[in-house]
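Enquirer: Below is a structure I'd like to ask you about.
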Amino acid sequence: MSKYEVMHRLAEIQQELDSLGEEAAQLFRENFPSLYQTGDAYGAFTFGSSWNSFDTTFARLVEWAESAEDEYEEEYEN
């Protein structure tokens, strides 16, 4: 698998995680409203990312991988 294909797949996975988080939130909202409120307040339905910039998350790792790839390309293009 090429680096481009890997990065594309990682982006797809993050999209899938976002969709699953939205689905989970909806299920809790409809069936367990008080638990939904608690989960929402703590970001429990945000899969793979975080509002806390100090957290190491899947989304952050993908960003770092993209940056590393960009740096690699810049280094070898010159």
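Since every read-out is calculated from the coordinates, none of them should be taken as a lab result. Remember, predicted model here, so these are calculated numbers, not experimental data. So basically every Cβ, Gly included, is an ideal-geometry build from the backbone, and we count neighbours across all protein chains shown.
Enquirer: Once both labels are modelled 7 Å past Cα along the beta-carbon direction, what's the Glu30-Ala11 spacing in nm?
Expert: Result: 3.1 nm between the two label points.
Enquirer: Same structure, new question: For Cα pairs less than 8 Å apart in space and 6+ apart in sequence, what is the mean separation divided by the residue count of the chain, i.e. the relative contact order in percent? Display every interim value, and only then the final one.
Expert: Details: 40 pairs, mean separation 23.1, N = 78.
Answer for the chain is 30 percent.
Enquirer: Between helix 3-31 and the chain, what is the angle of the helix's C-alpha long axis to the longest principal axis, kept within 0 to 90° and rounded to the nearest 10?
Expert: Its long axis makes an angle of about 10 degrees.
Enquirer: May I pose another question? Principal axis lengths of the chain from Cα atoms, whole Å, largest first?
Expert: Principal-axis extents of the Cα atoms in the chain, largest first: 57, 26, 12 Å.
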